[in-house]
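The values are calculated or read from the model by the stated rules, or taken from the named source; none is laboratory data. Because the structure is a prediction, the values reported are computed rather than measured. Note that we place each Cβ from the backbone using ideal geometry, even for glycine, and neighbour counts take in every protein chain shown. Areas reflect the complete protein model, heavy atoms only, side chains present, ligands, DNA and RNA absent. Shrake-Rupley method; radii C 1.70, N 1.55, O 1.52, S 1.80 Å.
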Amino acid sequence: MARPALWLSLLTVGLFVIALTLGPAQIGPFESLGALIVDDSSPLTMVMREIRLPRAILAVLVGASLGLSGAAMQGYLRNPLAEPGLIGVSGAAALGAVLAIQTGVAATVTLGLPLMALAGALIGVLLILALAGPRGSSLTLILAGIAISALSGALTSLVLNLSPNPFAASEIMFWMMGSLADRSMTHVWIALPFVLVGGGVLLSLGRGLDALTLGEDAASAMGIRLTRLRLVLVLGTACVIGATTAVAGAIGFVGLVVPHILRPLVGARPSRLLWASALGGAVMVLAADIAVRLILPERDLKLGVVTALVGAPLFLHLIYKTRSQLG
Amino acid sequence: MLRACAGPFVIAATVAVALPAMSQDMPERPERVVSVNLCTDQLAMMLAAEGQLISVSDVALDPQVSAMTEEAQKYRINYALAEDIYLMQPDLVIAGSYSAQATLDMLERLGIPVARFAPAYSLAEVRDRMAQMGDLLGQQEAADAMIADFDARLAALRAEVDERPTAALYYANGYTSGDKTLSGEILAAAGFENIAGTLGFPSFGRIPLEVLALAQPDALVTSRPYPGASRSEAILDHPVVEALREGRADASFSDKDWVCGTPYVLRAIESLRPLRNALTKEP
């Protein structure tokens, strides 16, 4: 546990600092970090504190949420294909967020935006669990995921197309692929409380998920209340995915790639994997967000494009491996 | 689609006017003209004789982008769809060069002449477009009078200035317009120095928020938000943009008068006057 956690923490901090020093305005790294720490009331401090800092913080929050919820769902369903983006939870959260914005709830109700996204994510998770069943076979999981993703994607497009605002329709891409460009501290404050609560809840599942690797009966015998475990998982996932999707859009594959890579390093123990995946997710999203700024700085390349390019081949590989189970 | 056209790409797409690409034989003096583009709608309404123009596009009714919503109500409204337009049996259809190509091709196949107007990217081109609309409608005299009036008013507005405060145009999604655009020329004519030029944006482009914040323009001219909400426009409320507005001359909007190459651009230039005077303390 100690060694991977240490490395992942160092990597997260390193990438966080690099993310802070990268941007279209050409500023030296020391100058920019100095302006971040010391407020000299110059525009530079403004740029650092209001543009780059929230972006880097959100990358950490979003990544940790995706990695953690992916690891938790995979632990519960004992299926490496469960991932919030792939099985439609992120898509359902995006629908909730879009509804909140287009109906004006986001502007009039405090925390209306994250709460509606949370509600969307909640419906998504409940549908998945209801359709896939407690032992979530790969086939039903993937089919249910496709159905929920398609439905929420279509409804999101419909709502955006019906908007009186001509820009709304062009934002379908943002909600499907996600981006951290030009987010502000306001967005950090919107997401942070939900991520902290949801993240804490999910991390508390470690012992239960460890027991579950021995099978449901064994877990019950060890005193794990499965219905409670399931409820906590659903609420925790909805919390973190709802809040992060509301501010950054639906970013796929992070929850698939990160636990897959880290699983061997932590001895396949779900409780350790939860911590490691939270850190690993932060690393992956920070790296992806650095990549979009280096590859096409002027084009606002969507984060989900990069994560999908990394994640989709792995997804294919996993399907290939589990194909005997798929039948 | 029309609405979308008038929105995000308002500057690029609907500042339409232009070298009409003659597809088929144009009638000398058309009697039943249909316009399907916001900018040609307005020019046609200004120049057409009584009864000559029979229909304008629905966008002409949108107060967000149309400077002539009241006049537009007197006309039959079209939605730039071939079926709808063909049934009006026009002898000329006037479109923007960015109008839906499939619709225009269909009309041409059905034997209706279509004139395509390209956007006006400068004040000089606004003049040209008025002349071209006059030629197209057989209303050369009215067009000449309109151009003479435009020239006189523009000359009066374009006072020589010693001091040019800096300004930036900032639209949804972080887009800006440089000097080689109609909006850029409006800004220059009103006595501002457009920072987009010095930052490397001669025409249209996305200016990163960081770059804008560091450039610290004296004035910021933003687009007026549409009803409903969008993430694209949320950037106009970003704390950094708000800080740029703060303590500076009143937030000004580029709106319907800026959209098209029509004499209304003069009103846009005029509306910037008080802002410039406040910044330079000139009378």
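Using the Karplus curve 6.51 cos²θ - 1.76 cosθ + 1.60 with θ = phi - 60°, work out ³J(HN,Hα) for each residue of segment A:142-154 in order, rounded to whole Hz, and write x for Gly and Pro.
Those phi angles translate into 5, 5, 4, x, 4, 4, 5, 4, 5, 5, 5, x, 5 Hz.
What is the spread of the Cα atoms of the protein assembly as shown along each of their three principal axes, largest first, in whole Å?
If we take the Cα atoms of the protein assembly as shown, the spans are 95, 60, 38 Å.
Heavy atoms of the protein only, probe of 1.4 Å, neighbouring chains included. What is the accessible area of A:I123 in Å², nearest 10?
100 Å²
Determine the shape class of segment B:166-280: with a ≥ b ≥ c the square roots of the Cα gyration tensor eigenvalues, call it rounded for a/c under 1.5, and otherwise prolate if a/b is greater than b/c, oblate otherwise.
It is rounded, given that a/c, with a ≥ b ≥ c, falls under 1.5.
I'd like the orientation of helix B:123-137 relative to chain B: the angle between its Cα long axis and the longest Cα principal axis, in ° from 0 to 90, rounded to 10.
That helix lies at roughly 10 degrees to the long axis.
Taking the Cβ of B:R231 as the centre, find all other residues whose Cβ is under 12 Å away and add up their charges (Lys, Arg: +1; Asp, Glu: -1).
Once positives and negatives cancel, what remains is -4.
How about A:K302: which aspartates and glutamates have a C-alpha closer than 13 Å to its C-alpha, ignoring those fewer than 8 places off in the same chain?
List returned: A:E171, A:D182, A:D289.
Keeping all protein chains in place and using 1.4 angstrom, which order do A:H260, A:H317 fall into by accessible surface area, from largest down?
A:H317, A:H260
Using the Cα centre as the reference, give the magnitude of the dipole from point charges on the C-beta atoms of segment A:54-322 (Lys, Arg: +1; Asp, Glu: -1; all else neutral), rounded to the nearest 20 debye.
Charge dipole, segment A:54-322, about its Cα centre: 540 debye, nearest 20.
Alpha carbon centre of segment A:211-257 versus segment A:4-40: separation in Å?
If we compute the Cα centre of each part, the gap is 32 Å.
Under 5 Å between amide hydrogens, which residues at least 5 positions from B:L92 or on another chain qualify, with H placed 1.01 Å from N in the peptide plane?
Residues meeting the amide H criterion: B:R32, B:V34.
Specify the residue with the greatest mean-square fluctuation among A:P54, A:P80, A:P313, computed from a Gaussian network of chain A linking alpha-carbon atoms under 10 Å apart.
A:P313
Which whole number of Å³ per residue matches the convex hull of the alpha-carbon atoms in segment A:54-322?
111 Å³
Output the antiparallel fraction of DSSP beta bridges having both residues in the protein assembly as shown, as a percent to the nearest 5.
15 percent
Add -39500 (n - 2.57) for each DSSP H run of 4 or more in chain A, then divide by its residues: what number comes out at 222 nm, to the nearest 500 deg cm²/dmol?
-24000 deg cm²/dmol
Cα centroid distance between segment A:72-108 and segment B:101-149, in Å?
50 Å
Provide the three semi-axes, in whole Å and in decreasing order, of the ellipsoid equivalent to segment A:79-127 as defined by the square roots of 5 times the Cα gyration tensor eigenvalues.
Working from the Cα gyration tensor, I get semi-axes of 24, 8, 7 Å.
Could you compute how much accessible surface A:M116 exposes when probed at 1.4 Å, giving the result in Å² to the nearest 10?
60 Å²
Work out from phi, with θ = phi - 60° and the Karplus expression 6.51 cos²θ - 1.76 cosθ + 1.60, the ³J(HN,Hα) of each residue of segment B:56-66, listed in order in whole Hz, and give x for Gly and Pro.
Going residue by residue, I get 10, 6, 5, 5, 4, 8, 7, x, 5, 10, 9 Hz, with x marking Gly and Pro.
Per residue, how much accessible surface does chain B expose to a 1.4 Å probe? Answer in Å², no decimals.
Ligands and nucleic acids excluded, the figure is 42 Å² per residue.
Tell me which residues come under 5 Å, amide H to amide H, from A:S163 once H is placed; ignore anything under 5 positions away on its chain.
none
So who's got an amide H within less than 5 Å of the one on B:S177, skipping anything under 5 residues away but keeping other chains? H placed 1.01 Å off N, in plane.
B:L169
What's the long-distance tail for chain B, i.e. % of Cα pairs beyond 28 Å?
I get 37 percent for the Cα pairs in chain B exceeding 28 Å.
Can you list the HN-Hα couplings for segment A:43-58, worked out from phi with the Karplus curve (6.51, -1.76, 1.60; θ = phi - 60°), rounded to whole Hz and with x for Gly and Pro?
Rounded to whole hertz, the list is x, 5, 4, 4, 4, 5, 7, 9, 10, 7, 4, x, 5, 5, 4, 5.
Within the set of other residues whose C-beta is less than 12 Å from the C-beta of B:M106, count the net charge using Lys and Arg as +1 and Asp and Glu as -1.
Net of charged neighbours comes to -3.
Most mobile of B:T198, B:T262, B:T69 per a Gaussian network model of chain B (Cα springs, under 10 Å)?
Taking springs between Cα atoms under 10 Å, the residue moving most is B:T198.
Mean-square fluctuation check for chain A, GNM, Cα pairs under 10 Å: which of A:A218, A:A72, A:A278 is largest?
With Cα springs under 10 Å in chain A, the top fluctuation among A:A218, A:A72, A:A278 is at A:A218.
If you line up the long axis of helix B:38-47 against the longest principal axis of chain B, both from Cα atoms, how many degrees apart are they, to the nearest 10?
70 degrees
What is the sum of charges, Lys and Arg at +1 and Asp and Glu at -1, for the other residues whose Cβ falls under 12 Å from the Cβ of A:R272?
After counting each charged neighbour, the total is +3.
Roughly how many Å² of A:W175 are accessible to a 1.4 Å probe, to the nearest 10?
Accessible surface of A:W175 is approximately 10 Å².
Would you calculate a helix-derived [θ] at 222 nm for chain B, using -39,500 (n - 2.57) for each DSSP H run of n ≥ 4 and dividing by the full residue count, to the nearest 500?
-11500 deg cm²/dmol
Shape of segment A:71-156 from its Cα gyration tensor (a ≥ b ≥ c, root eigenvalues): rounded if a/c is under 1.5, otherwise prolate when a/b > b/c, or oblate?
In terms of gyration-tensor shape, prolate.
So for the pair A:L111, A:V13, with labels modelled 7 Å out along Cα→Cβ, what separation do we get in nm?
Result: 3.2 nm between the two label points.
With a 1.4 Å probe and all protein chains in place, put A:L202, A:L131 in order of accessible area, largest first.
From most exposed to least exposed: A:L131, A:L202.
Which angle from 0 to 90°, rounded to the nearest 10, does the C-alpha axis of helix B:264-280 make with the longest principal axis of chain B?
Compared with the principal axis, the helix lies near 10 degrees.
Count neighbours as other Cβ atoms within 10 Å of each site's Cβ, and list the trypsin sites (Lys or Arg not before Pro) in segment A:224-327 that are DSSP loop with at most 10 such neighbours.
Answer by residue number: A:R299.
Cross-link candidates for B:K180: which lysines have Cα within less than 25 Å, leaving aside residues fewer than 8 places away along the same chain?
The qualifying lysines are B:K256.
Between segment B:171-220 and segment A:153-200, what is the C-alpha centre distance in whole Å?
So the two Cα centres are separated by 28 Å.
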